[in-house]
Amino acid sequence: MGVLNVTPDSFSDGGRFLDPAAAVAQGRRLEDEGAVLLDVGGESTRPGAQPVPADEEKRRVVPVIEGLVAAGTRAQVSIDTSKLSVAEAAVAAGATYVNDVTAFRAEPELAGLVAERGLDCCLMHMRGEPRTMQTAPAYDDVVAEVKAFLEQRLAAAVEAGIAEEKVMLDPGIGFGKTLAHNLELLRRLDELVALGRPIVVGTSRKSFLGRITGREVDDRLAGTIATNVLALERGASVFRVHDVAPVADALAVAAATVRDR
Ligand code: HH2
């Protein structure tokens, strides 16, 4: 899954793809590098981020999705949003996957759209909300709590009429978690894989990698690769990254080794 942020303030690629033509070109580049899913986002969810009004979010993402479709993209287009009206506009423009970092808690009606239109979706764990989520996050057992949450959100999605086969689950690396929580989730990812749905991981360039390596955001590729290879070994199947080509190579080698193919 290639990350395509159409925002002025995303933590790593903010402001780079605000021009729709530049965003479409970046999406095509990510696709050429091996992305089969393109995750288009118009609202940053970085710690401390301020909410974006729906109209502004739509104004950012719709031309990019239309542009990708018009350019004949082969990748599945995902809309990274928690808002029903943004998802509706994105789906009308050609998106067929909804990536909601609130797992349908912000706007429960979003589950109805996914059900009705037969869309794929990703439900992510987040403690709190982006504005405040990094204020002293605490868990007794982070993996058990994230697992119980994802199980409950999967059940809610099925209850709303979404086929279980359409749902992917994500531990939400960096969303209301300390460095130790993030590492424990990666270390024990197999416990989430046991839920039986594909696990998505998003570690790309995140600050916990900087905490370990001392590297700035544009210099965290090696850490990104390490975490994605480990996640693959533990059973994750979707890898949300900004640097598709190098991660795809690393995953191909890791998969050939681990899965004997
Ligand atoms: N991480 C980010 C945004 N969306 N979605 C899923 N499913 N999993 C993630 O880990 C995830 C996500 C944050 O990264 P990014 O999009 O690069 O930054 P920003 O939120 O600042 O736009």
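The values are calculated or read from the model by the stated rules, or taken from the named source; none is laboratory data. Because the structure is predicted, anything quoted here is derived from the model rather than measured. Here the Cβ positions follow ideal geometry from the backbone for every residue, glycine too, while neighbour counts run over all protein chains shown. Calculation scope for accessible area: heavy atoms of the full protein, side chains included, ligands and nucleic acids excluded. Shrake-Rupley method; radii C 1.70, N 1.55, O 1.52, S 1.80 Å.
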Percent of accessible area on region 69-154 owned by carbon and sulfur, 1.4 Å probe? 49
I'd like to know which of 68, 209, 158 lies farthest towards the positive end of the charge dipole of the chain, counting +1 on Cβ of Lys and Arg and -1 on Cβ of Asp and Glu. 209
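Using the 2.2 N^0.38 Å rule of thumb for compact globular proteins, work out how region 63-149 stacks up: its C-alpha Rg over that value, please.
Details: Rg = 15.3 Å, N = 87, 2.2 N^0.38 = 12.0 Å.
Ratio of Cα Rg to 2.2 N^0.38 Å: 1.27.
May I ask for the equivalent-ellipsoid semi-axes of region 40-194, computed as the square root of five times each C-alpha gyration tensor eigenvalue and listed largest first in whole Å?
Working: eigenvalues 143, 67, 38 Å².
Computed over region 40-194, the values are 27, 18, 14 Å.
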Please give the charge dipole size of region 145-189, origin at the Cα centre, charges +1 on K and R Cβ atoms and -1 on D and E Cβ atoms. Round to the nearest 20 debye. 220
Give me the 1.4 Å probe accessible area per residue for the chain, excluding ligands and nucleic acids, in Å². 42
Given the C-alpha centroids of region 54-90 and region 167-224, what is the distance between them in whole angstrom? 25
Where does the chain land at 222 nm, in deg cm²/dmol rounded to the nearest 500, when only DSSP H runs of n ≥ 4 count, each adding -39500 (n - 2.57), divided by all residues? -14000 deg cm²/dmol
How compact and how long is the chain, expressed as Rg and Dmax of its alpha-carbon atoms in Å? 17.0, 49
Placing one equal point scatterer on each C-alpha of region 150-208 and summing with Debye, one gets log10 I(q)/I(0) at q = 0.17, 0.21, 0.23, 0.25 Å⁻¹ equal to -0.61, -0.83, -0.93, -1.02
Roughly how many nanometres apart are two label points built 7 Å out from the Cα toward the Cβ at residue 152 and residue 18? 3.9
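To the nearest 20 debye, what is the magnitude of the charge dipole of region 33-145 about its Cα centre, counting +1 on the Cβ of each Lys and Arg and -1 on the Cβ of each Asp and Glu?
Details: 10 positive and 18 negative charges, 53 e Å.
Its charge dipole is roughly 260 debye.
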Using a Cα-Cα cut-off of under 13 Å, which aspartates and glutamates could be cross-linked to residue 58, ignoring same-chain neighbours fewer than 8 residues away? 43, 66, 80, 88
Under a cut-off of 22 Å between alpha-carbon atoms, report the lysines in cross-link reach of residue 177, not counting same-chain residues fewer than 8 places apart. 147, 206
Heavy-atom accessible area ranking, 1.4 Å probe, most first, across 212, 65, 225: 212, 225, 65
Tell me which residues come under 5 Å, amide H to amide H, from residue 76 once H is placed; ignore anything under 5 positions away on its chain. 37, 38
Taking one equal scatterer on every alpha-carbon of region 55-102, how large is log10 of I(q)/I(0) by Debye at q = 0.15, 0.21, 0.25, 0.31 1/Å? -0.32, -0.62, -0.86, -1.22
For the chain, with only Lys/Arg (+1) and Asp/Glu (-1) charged at the beta-carbon, what is the dipole magnitude about the Cα centre, in debye rounded to 20? 420
What span do the alpha-carbon atoms of region 119-249 cover on each of the three principal axes, reported in whole Å from largest to smallest? 44, 36, 25
Once Lys and Arg get +1 and Asp and Glu get -1 on their Cβ, which of 138, 90, 102 lies farthest toward the positive end of the dipole of region 89-152? 90
